[in-house]
Amino acid sequence: MPYRGNPLSEKLDKLAFDPAKLVKAPAFGRRAVLAGRLVALLLLALTLGGAATYIAGQMAGYTLLMTASPLAMAGAATSPLRQASGSYRPDERERAMQLRAVLWGSTGTLMLGLFGLLGLSWNSLSGGWIPASTVDFLAITMLLIALPANIATLAAWLMTSAAGAELELDDEE
Amino acid sequence: MPRTIFNRIALFRADRGLTRRQLADLVGVNPQTIGFLERGDYSPSLELALAMAEVFAVPVDLLFAFRPFPPLAGTLTRSEQS
């Protein structure tokens with residue numbers, strides 16, 4: 001029997017009787033946020049390190065890039081960047097955060113692409129590394145797949161840091 | 001540059017004895033979003049602002065404003081003196 005009299009209590013009662021209306025929000029504690037930021041940073045380092053190693057002439061760099069791409073996707077899927085899952089739909093703040101993080105990823109990759117093209121132009125004049133074989137272009141493709149996802153994941157975790165602390169404060173009430 | 005929006009969400013939430021989770025369930029957002037709103041780290045959409053005003057049963061301008069709200073103690077003192 002719903003409580004009558006206090007409008008707020010009545011609303012809360014209705015929610016309690018209709019669990020489908022409850023927001024099943026993801027809970028990122030302080031440890032999860034710190035771990036997420038560390039993993040995102042490591043994945044970004046793996047991607048950039050793989051590219052640098054490949055350009056330096058080591059085929060191990062190609063393996064690193066091939067590993068980094070699926071890991072970047074997995075990292076994004078387990079971060080605050082992930083889209084709606086199950087009955088949970090991100091609210092307006094979360095959607096805004098996701099958009100901002102993806103924008104960071106796209107902008108970062110665009111900047112790297114622009115500077116990379118400048119570097120390749122310079123290399124073509126000075127006899128440095130320029131992509132020539134199919135594997136070279138595959139390596140660049142892997143880099144362009146992994147990099148925006150890694151930057152966006154890192155940005156999303158950085159924007160979630162305060163939320164982890166907030167949730168713990170809420171639990172203390 | 002967006003203008004800063006000040007709010008009294010924490011004040012009304014405490015007055016009604018609601019936790020962040022309960023308020024979040026009532027307006028349909030993540031509980032963490034309530035914390036972001038209370039700290040002023042996030043400005044709500046018109047829909048969310050109206051939903052909050054509806055939950056607390058107050059006009060939306062009592063909940064959100066472009067200028068900082070006067071301290072509650074000062075407001076109470078003035079109203080008691082008058």
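The values are calculated or read from the model by the stated rules, or taken from the named source; none is laboratory data. Not measured: the values here are computed from a predicted model. Positions of Cβ are generated from backbone atoms using ideal geometry, with glycine treated the same way; all protein chains shown enter the neighbour counts. For accessibility, only protein heavy atoms count, side chains too; no ligands or nucleic acids. Shrake-Rupley method; radii C 1.70, N 1.55, O 1.52, S 1.80 Å.
For A:Met111 and A:Leu158, calculate 0.36 nm times their separation in residues minus their Cα-Cα distance, and state this gained length in nm to one decimal. Show your work: numbers first, answer last.
Numbers: separation 47, 0.36 × 47 = 16.92 nm, distance 2.02 nm.
Roughly 14.9 nm would be gained on extension.
Could you work out the helix-only [θ] at 222 nm for chain B, with each DSSP H run of four or more residues adding -39,500 (n - 2.57) and the total divided by the number of residues, to the nearest 500 deg cm²/dmol?
Values: 6 runs with 50 residues, N = 82.
Per the formula, -16500 deg cm²/dmol.
Just to confirm my numbers, what's the Cα centroid distance between the stretch A:101-157 and the stretch B:1-75 in Å?
About 43 Å separates the Cα centre of the stretch A:101-157 from the one of the stretch B:1-75.
To the nearest 0.05, how large is the calculated FRET efficiency for B:Arg3 and A:Arg89 if R₀ is 22 Å and r is the Cβ-Cβ distance? Mind dumping the intermediate values first?
Details: r = 29 Å, r/R0 = 1.30.
Result of the calculation: an efficiency of 0.15.
At A:Thr67 and B:Leu62, where each label point lies 7 Å from the Cα along Cα→Cβ, what is the point-to-point distance in nanometres?
6.1 nm
Could you identify which residue out of B:Leu72, B:Leu11, B:Leu46 has the top mean-square fluctuation in a GNM of chain B using Cα springs shorter than 10 Å?
Result for chain B, Cα springs under 10 Å: B:Leu72 fluctuates most.
Arrange the residues A:Ser9, A:Ser121, A:Ser79 by how much accessible surface each exposes, largest first, with a 1.4 angstrom probe.
Numbers: A:Ser9 40, A:Ser121 65, A:Ser79 0 Å².
Output order, biggest surface exposure first: A:Ser121, A:Ser9, A:Ser79.
Can you give the mean number of other chain Cβ atoms that lie within 10 Å of the Cβ atoms in peptide B:19-30? Provide the component values of the computation, followed by the final result.
Values: counts 3, 6, 7, 4, 2, 5, 8, 7, 2, 7, 7, 14.
Average per residue, whole number: 6.
Which one of B:Ala24, B:Thr77, B:Phe12 is farthest out on the positive end of the charge dipole of chain B, using unit charges on Cβ (Lys, Arg +1; Asp, Glu -1) and the Cα centre as origin?
The one lying farthest along the dipole's positive direction is B:Thr77.
Under 8 Å for C-alpha pairs, at least 6 residues apart: give me the relative contact order for the stretch A:41-122, rounded to a whole percent. Can you show the working numbers first?
Values: 38 pairs, mean separation 13.4, N = 82.
RCO, the stretch A:41-122: 16 percent.
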